[in-house]
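Accompanying notes for the structure given below.
The values are calculated or read from the model by the stated rules, or taken from the named source; none is laboratory data. Keep in mind the model is a prediction, meaning the values are calculated, not measured. Note: ideal-geometry Cβ built from the backbone for every residue, glycine included; neighbour counts use all protein chains shown.
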Amino acid sequence: MATTTSGAKGYLVSEETNFLTTDSHLAVRKVLDQYSHVAFIQNDTDDVSLAFSATLLVRLNVETRSNPEMLASKTGELSTLLRNA
């Protein structure tokens, strides 16, 4: 199960996980391609933050209001997707 901390407004938050990739743009695109169609709401100003630089590092933070099982599940799914990007 993902380690959780108490986030803002009572959200459960995964530990930040960093992924060093050969193509960070491709890694983020894979996440968006995999999950944007099933997201209840996609808010690009909060749920997906993009900063453009020369770094190959992709940072992952997962939050949920009150469902630790979903937090662990989605953190695992996204981590696998990013590791294989």
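Points to keep in mind about this one:
- PHE40 vs. criteria at pLDDT 65 or above and out of contact with any Pro (no Cβ under 8 Å at 6 or more places or on another chain): no
- Of the residues examined, ASP33 is one that is modelled with pLDDT of 85 or more and either charged (D, E, K, R) or assigned to a strand (DSSP E or B) (or both).
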